[in-house]
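The values are calculated or read from the model by the stated rules, or taken from the named source; none is laboratory data. Remember, predicted model here, so these are calculated numbers, not experimental data. A quick note on method: Cβ atoms are made from the backbone with ideal geometry, for glycine too, and the neighbour counts reach across all protein chains shown.
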Amino acid sequence: MVTQRPRWPLTESVIQVAERAVASRDAGLSAAGSATLRRLRRPLGVAVVGRVSAGKSTLVNAVLGTAVSPTAGNECTRVVYVFAYGGWTGAMAHPRDPALPARPLPFTGSRLSDALPYPAAAIERVDVTLTVPILERATVFDTPGLESTNRENSAVTERMLGDTMDAAVAADALLFCVNGPIKEDEETAVRTFRTGRSKVRMAGGSAVAVLTKADEMGEDRRLTLKAAESLAERMSRTHADIFGGVFPVVGLLAEAATTGALRARHAAALAELAAAWTVDDAGTALQKDVLFYEMPGPVDTARRRELMAMLGRFGVGELLEVLRTSPRADAGALTAAAREASGYDQMERRLRMTLGSRADVMKAGAALHELMDCALVAGDDDVYAAAQQLLDRPEMFPLQLLDVSRQLASGRVTPPPGLAEHAWIAVTVGLSPVRAKEAAAHVAQWRHWASLTDTAGRSVARVMIRAWQLAADAGRRSWR
């Protein structure tokens with residue numbers, strides 16, 4: 001079966017411009033056109049990035065619905081893994097040295113072996129094909145950490161960072177895994193991904209943060225998700241200039257739920273503990289891992305360790321509560337409960353709204369800017385004009401809104417109350433269709449403010465005036 005990317009009208013139009021670039025007599029522009037065609041004809045590329053042990057591979061497994069990436073508490077992902085759709089399951093390690101052959105990477109069960117056929121430093125990437133439906137719509141890059149835990153070896157650190165950067169630039173969207181408030185070096189890394197040719201791809205809505213360990217935001221298991229939601233909301237506001245949103249999820253529990261890891265034997269062990277322990281007993285046992293292993297009761301230590309490794313303290317606690325109210329809950333019911341408790345479905349919906357709805361614009365916008373840069377250098381006015389004409393289309397308007405979001409979030413532009421609220425609505429969920437009279441009133445307000453503000457403010461005002469004009473156009477179409 002051949003993977004078919006979704007039909008994206010803007011992308012189809014950009015392909016026509018890229019084909020004109022390929023025909024250019026300028027070698028640089030022709031090469032850029034060919035590279036653009038390859039990129040546009042593949043599914044949306046999503047890079048999963050973050051610090052070491054930020055839960056990147058755990059999130060990848062949850063998204064793919066199969067436990068394929070090696071995960072552990074130490075540095076697991078040492079090279080870039082590229083997950084794409086294929087008619088069979090397989091993995092090939094591609095060395096940096098073109099004289100060396102690509103070699104297969106074996107699987108241990110469903111997981112990729114961590115025994116690489118070449119030293120990690122010698123591998124450019126590992127291509128993995130899976131018969132996973134989501135990969136028909138997106139190619140996923142699992143990257144090394146932003147820093148190596150082997151700090152004594154600066155070469156390892158630089159190589160992993162370089163590989164991570166390359167994967168991010170090659171992608172169309174970025175999932176940045178964090179475990180708490182954004183650290184300075186993490187913010188710097190995201191901004192670095194947006195420099196040069198990637199600055200359009202990694203702006204605002206095409207980069208989102210995932211709070212992957214939402215169960216570790218507090219000591220009280222019952223309050224930790226609320227704390228994570230509050231933190232995510234604050235981070236979304238504070239970092240709106242670099243992220244389209246910050247979404248919390250209990251990554252470990254999500255992985256267990258989406259990959260079907262919880263089996264009948266696990267359900268039986270949890271049921272034994274739920275029957276033997278009071279609520280207070282469970283609360284005490286789940287304060288620390290070691291207390292869970294040593295708390296008197298049924299289920300031997302080895303099985304308890306297996307439960308903890310798969311579900312975490314938060315997940316174990318949630319499922320024990322389910323079994324107290326439904327003692328006969330089987331593995332299927334517990335898996336459904338784990339999925340709901342993890343917050344995965346809510347995170348996935350938010351990601352789909354944030355990234356999926358903008359996929360066409362993200363791919364088209366990035367490609368157009370790259371083609372325009374190359375056409376300008378080559379002096380090809382025809383390709384440049386064709387690309388500029390596409391950028392001026394109403395469908396490309398979200399790119400201008402992303403710039404408004406950065407201006408608002410950074411505090412560089414501060415519209416007065418009322419206008420500011422409308423601007424945030426426009427950049428987050430979009431303006432609703434309105435009558436022409438209402439739109440005209442809003443346009444007049446923005447024009448008045450534009451006459452009183454500076455250059456940056458006038459730029460935002462122009463975008464908002466266009467936003468209200470488009471809202472009026474949508475209203476006319478709706479109420480014909």
Does residue 143 meet the test of being surrounded by 18 or more Cβ atoms within 10 Å (Cβ to Cβ), hydroxyl-bearing (Ser, Thr, Tyr) and modelled with pLDDT of 90 or more?
no
Answer with yes or no whether residue 355 is at pLDDT 95 or above and either of a type in the set (A, V, I, L, M, F, W, C) or touching a Lys or Arg at 6+ places or on another chain (Cβ under 6 Å) (or both).
no
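Out of 408, 402, report the one residue that is in a helix (DSSP H, G or I) and touching a Phe, Trp or Tyr at 6+ places or on another chain (Cβ under 7 Å). Break it down stepwise before answering.
Details: 402 fails: touching a Phe, Trp or Tyr at 6+ places or on another chain (Cβ under 7 Å).
Being in a helix (DSSP H, G or I) and touching a Phe, Trp or Tyr at 6+ places or on another chain (Cβ under 7 Å) holds for just one of 408, 402, which is 408.
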Report, ordered by the first and then the second residue, all pairs with beta carbons closer than 6 Å, sequence separation of six or more or different chains, a first member in the stretch 278-305 that is closer than 17 Å to residue 267 by Cβ, and a second member that is acidic (Asp, Glu).
298/272; 299/272
Working only within the stretch 437-460, note down all residues that are in contact (Cβ under 8 Å) with a residue 24 or more places away in the chain and aliphatic (A, V, I, L, M).
439, 440, 443, 456, 460
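Is there a residue being at pLDDT 90 or above and in a helix (DSSP H, G or I) anywhere in the stretch 115-130?
The initial filter retains those residues of the stretch 115-130 that are at pLDDT 90 or above, namely 116-119, 122-130.
Subsequent filtering for residues that are in a helix (DSSP H, G or I) retains 122.
Within the stretch 115-130 (the criterion being at pLDDT 90 or above and in a helix (DSSP H, G or I)), the answer is yes, since at least one residue qualifies.
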Index of the failed condition, residue 268 passing every other in (1) closer than 22 Å to residue 54 by Cβ; (2) at pLDDT 95 or above
(1)
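Sort through 383, 434, 463 and tell me the only one that's outside any helix (DSSP H, G or I) and in contact (Cβ under 8 Å) with a residue 40 or more places away in the chain.
Numbers: 383 fails: outside any helix (DSSP H, G or I); 463 fails: outside any helix (DSSP H, G or I).
Just one listed residue meets the conditions, 434.
Take the residues in the stretch 12-54 that are over 30 Å from residue 70 (Cβ atoms) and hydroxyl-bearing (Ser, Thr, Tyr), then tell me which one is surrounded by the most Cβ atoms within 10 Å (Cβ to Cβ).
Within the stretch 12-54, the first condition is being over 30 Å from residue 70 (Cβ atoms), and the residues that meet it are 12-37, 40-41.
Next, only the ones that are hydroxyl-bearing (Ser, Thr, Tyr) stay: 13, 24, 30, 34, 36.
Values: 13: 19, 24: 20, 30: 17, 34: 14, 36: 24.
The residue in question is 36.
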Take residue 57 and decide whether it is crowded, with 24+ Cβ neighbours inside 10 Å, under 30 Å from residue 310 (Cβ atoms), under 17 Å from the mean Cα position of the chain (by Cα) and at pLDDT below 95.
yes
Restricting the stretch 315-347 to residues that are closer than 14 Å to residue 269 by Cα and of a type in the set (A, V, I, L, M, F, W, C), the residue that is surrounded by the fewest Cβ atoms within 10 Å (Cβ to Cβ):
331
If you go through the stretch 445-457 one residue at a time, do you hit one that is out of contact with any His (no Cβ under 7 Å at 6 or more places or on another chain) and at pLDDT below 90?
yes
